[in-house]
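The values are calculated or read from the model by the stated rules, or taken from the named source; none is laboratory data. It should be emphasised that the depicted structure is a prediction, and the values quoted were computed from it without experimental measurement. As a convention, Cβ positions derive from the backbone with ideal geometry for all residues, glycine included, and neighbour counts pool all protein chains shown.
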Amino acid sequence: MPNAKRSVVLAACLILVCAASALAQDWPQWRGPARDGKVAGFTAPKAWPKELTKKWSVPVGAGDATPALVGEKVYVFTRQGADEVTLCLNAADGKEVWKDKYAAQAVTGAARRHPGPRSSPAVADGKVVTCGVGGVLSCLDAKKGTVVWRKDPFPKVVPRFFAAMSPIIADGMVIAHLGGSDKAAVIAYALADGKEKWRWAGDGPAYASPVLMTAGGAKQIVVQTEKHVVGLSLADGKRLWQVATPAGRRFYNSATPIVSGDTLIYTGQGQGTKAVKIEKKGDAFAAKDLWTNADLGTGFNTPVLKNGLLFGLSNRGRLFCINAKDGKAAWTDTAAHGRGFGAVLDAGDAILALPSTGELIAFKPTADKYDQLANIKVAEKATYAHPVVAGEKIFVKDQDSLTCWTMK
């Protein structure tokens, strides 16, 4: 191969590798690219620092929604005064690129201490989709911030603690569970123009988010509702199966279901953690019980699955590890980290946890014992959003600000 041609080929390969690396670090929706809490492009340091370096910090507004990171842009969904606001910021310096806002429903009752959005944006195909506290679903142009479409199918009808489900984008559709206990539906809208494709009018929404699953040859949307976990056909929204998930006292079905092939793991009901296998028998689907761990479960966070091990933060605020093959507990940390609110991420050589106390905790992903690597303060105010990890950068949203930290 001539040198000039070889140079062109090598340059093209380098561009493709760099592009793939950049894409690998995107965090375009709730719990990352595959909604499984797995971080790509992060290498845990051999020696963790006692502190991180603050690159920038900007006030963005109230809210518990996790930001979305795509390329060099961060999309933040918050509340500023009486408005719900979507901000597009430069990831490099936190400077505002564009802003969209609309008058938001007032948050009342027991939820009023958290007036901002709980739902995380989803970004795909040049669009940003958000779901406000009142169930207003918006689709914005990711480059300009202009409104592509906006829907409010159940005005003023919300769950007890207002809308917290994060919408999912799949097969050119936006799928969201909207409404309240007595009037609700899982609705699929065309991403391009907002036309309704299908709806399933079943249970009211909980505070978890839908995930994708393929079982029995069928692509499904798995939704944790107020009373059940259900599997809906992605093509037409028909219910394929359901499992009752009654929540105990002071529990509200806030954990997103965890998918591993045709196995589904669910928790968050105050009744431990359970696993079922979704099987197709003839023309019907069924959920076969695999195991139950009645002692360990989460309250307000979703565990991560890594190498056959399930890592989470229990409803008592203790980090734990469960063997995902048989449900037996491997270990439980003795220290409490808050009250069970937090985020847990699979970051390769380390599991990262960010409880509401604002401490970023790193520990080894092993079944032997709880082996802590670091405990670093990253926020003075409460943190309910997930950290977004990209390379050496860690974006942390606290109650009203977004901060970019670096490992250096």
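Here are some notes:
- Checked against the criterion of being of a type in the set (G, A, S), more than 18 Å from A353 (Cα to Cα), touching a Pro at 6+ places or on another chain (Cβ under 8 Å) and at pLDDT 95 or above, region 48-64 has at least one qualifying residue.
- If the condition is being within 21 Å of G340 (Cβ to Cβ) and either in contact with a Leu (Cβ under 9 Å, 6 or more places away or on another chain) or not charged (D, E, K, R) (or both), then region 375-392 contributes N375, I376, K377, V378, A379, A382, T383, Y384, A385, H386, P387.
- Considering residues of region 26-84 that are among the acidic types (D, E) and assigned to a loop (DSSP other than H, G, I, E, B) only, the residue farthest from V388 (Cα to Cα): E51
- Any hit, region 132-144, residues being small (G, A, S), under 26 Å from K219 (Cβ atoms) and out of contact with any Cys (no Cβ under 9 Å at 6 or more places or on another chain): yes
- Of the residues making up region 208-217, those that are at pLDDT 95 or above and farther than 18 Å from R249 by Cα are S209, P210, V211, L212, M213, T214, A215.
- From the list G231, G237, G216, the lone residue that is over 18 Å from Q29 (Cβ atoms) and either in contact with a Leu (Cβ under 6 Å, 6 or more places away or on another chain) or polar (S, T, N, Q) (or both) is G231.
Table: residues versus (1) among the aliphatic types (A, V, I, L, M); (2) surrounded by fewer than 22 Cβ atoms within 10 Å (Cβ to Cβ); (3) farther than 26 Å from G348 by Cβ; (4) within 19 Å of the chain's Cα centre (by Cα).
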position: A47; (1), (2), (3), (4): yes, yes, no, no
position: L52; (1), (2), (3), (4): yes, no, no, no
position: K95; (1), (2), (3), (4): no, yes, yes, no
position: K99; (1), (2), (3), (4): no, yes, yes, no
position: V133; (1), (2), (3), (4): yes, no, yes, yes
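- Only residues that are surrounded by fewer than 20 Cβ atoms within 10 Å (Cβ to Cβ) and either charged (D, E, K, R) or in contact (Cβ under 8 Å) with a residue 24 or more places away in the chain (or both) were counted in region 215-233, giving 6.
- Which listed residue is surrounded by fewer than 20 Cβ atoms within 10 Å (Cβ to Cβ) and basic (K, R), from K397, K377: K377
- Some residue of region 226-242 being at pLDDT 95 or above, closer than 20 Å to W331 by Cα and part of a strand (DSSP E or B): no
- Exclusive hit being farther than 25 Å from K274 by Cα and buried (at least 18 other Cβ atoms within 10 Å of the Cβ), set A185, A190: A185
- Among the residues of region 145-183, those that are of a type in the set (A, V, I, L, M, F, W, C) and over 19 Å from the mean Cα position of the chain (by Cα) comprise V147, V148, W149, F154, V157, V158.
Yes/no per residue for (1) surrounded by fewer than 24 Cβ atoms within 10 Å (Cβ to Cβ); (2) over 23 Å from A82 (Cβ atoms):
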site: A122; (1), (2): no, yes
site: V128; (1), (2): no, no
site: V147; (1), (2): yes, no
site: K151; (1), (2): yes, no
site: M165; (1), (2): no, no
site: D171; (1), (2): yes, yes
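- Condition broken by A324, with the remaining ones in (1) buried (at least 21 other Cβ atoms within 10 Å of the Cβ); (2) free of Cβ contacts under 8 Å to residues at least 24 places away in the same chain satisfied: (2)
- For region 350-380, the set of residues classified as under 22 Å from P121 (Cα atoms) and either part of a strand (DSSP E or B) or free of Cβ contacts under 8 Å to residues at least 24 places away in the same chain (or both) consists of L352, A353, L354, P355, listed by residue number.
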